[in-house]
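Engineer: One structure is given below, represented as structure tokens, and several questions about it will come after.
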Amino acid sequence: MTTCRTRDPVRTKGNLLAAGIHLFASRGFHGVAVDEIVAQAGCNKRMLYHYFGDKEGLYVEVLQTVYARMEQVEMAPLPAAATTAAKICEIMERHFTFLVSNQEFVNLVMWENLNEGRLLTRHPHLLSKMPLIEKLHSILEQARQQGEIHHVGDTRNLVILMIGLCFIHVSNRHTLHQTIGLDLSCPTVQTEALRMAQAMFLSGLGLVHPNSPPDSLDAASV
């Protein structure tokens, strides 16, 4: 086990952060004791207090870390020559794929909602979806100027819709498997789910999925 005796501050802080992500995602902020965190990180309480101040300080950095990972994926450059529909599909695919591959992120978001966002209330500027909102707004405004779409309302509502269409496939996968009989961990099911979510989102904007077969394009124009 790695211990603080290694005197490697980067490793020690990283171990504490990794332990925090795993434990808070498993049982939420209130369900985890400092003793458990430092035991899993392989160091003592003094190191946690030194690097993060207290348990809440660690939790804050845990949320910042997982949200930064999501933001890095969402904000990666898009192909400049791509169509509006293709850009939106790419953003949704990145978001969906990240959620599928990062269950700890999903769990942390659900725990924070169960706790009514109390920690975020105490740290109002901790997290923000504004970069994604501004990115989508820019894409849609350009499309509006080009005559592809008309006024679509508050972009924040569109981002909520986008998140919802993707998030439920991971957050509710166990209950949906039992109640609907669909294995949402199956790659084939996930591919179809993403394709349908993209098509529904684009349809609400009056756009067509870039990979729609010719028959569906003809049907849409009738």
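The values are calculated or read from the model by the stated rules, or taken from the named source; none is laboratory data. Quantities reported herein were computed from a predicted structural model and do not represent experimental measurements. Here Cβ is always computed from backbone atoms with ideal geometry, including for glycine, and neighbour counts include all displayed protein chains.
Engineer: Do we find that H174 is modelled with pLDDT of 90 or more, buried (at least 18 other Cβ atoms within 10 Å of the Cβ) and either closer than 20 Å to T84 by Cα or in the same structural domain as I91 (by TED's automatic domain parsing) (or both) in this structure? Break it down into steps so the answer makes sense when it comes.
Structural biologist: Numbers: modelled with pLDDT of 90 or more: yes; buried (at least 18 other Cβ atoms within 10 Å of the Cβ): no; either closer than 20 Å to T84 by Cα or in the same structural domain as I91 (by TED's automatic domain parsing) (or both): yes.
So H174 fails the test.
Engineer: Next question. Taking the stretch 92-112 as the region of interest, how many residues are surrounded by 19 or more Cβ atoms within 10 Å (Cβ to Cβ) and of a type in the set (D, E)?
Structural biologist: Adding up the residues that qualify gives 1.
Engineer: Just to confirm my filter: which helices (runs of 4 or more DSSP H) fall fully inside the stretch 1-77 and include at least 3 residues that are of a type in the set (V, I, T) and buried (at least 18 other Cβ atoms within 10 Å of the Cβ)?
Structural biologist: Numbers: elements: 9-27, 34-41, 45-52, 55-74.
By residue number, 55-74.
Engineer: A further question on this structure: Quick check on the stretch 131-167: of everything there that is part of a helix (DSSP H, G or I) and of a type in the set (G, A, S), which residue is nearest to T97 (Cα to Cα)?
Structural biologist: The selected residue is G164.
Engineer: I would also like to ask the following. Could you tell me whether the stretch 109-128 includes any residue that is farther than 24 Å from A199 by Cα, touching a Phe, Trp or Tyr at 6+ places or on another chain (Cβ under 9 Å), of a type in the set (S, T, N, Q) and assigned to a loop (DSSP other than H, G, I, E, B)?
Structural biologist: Yes, that holds for at least one residue.
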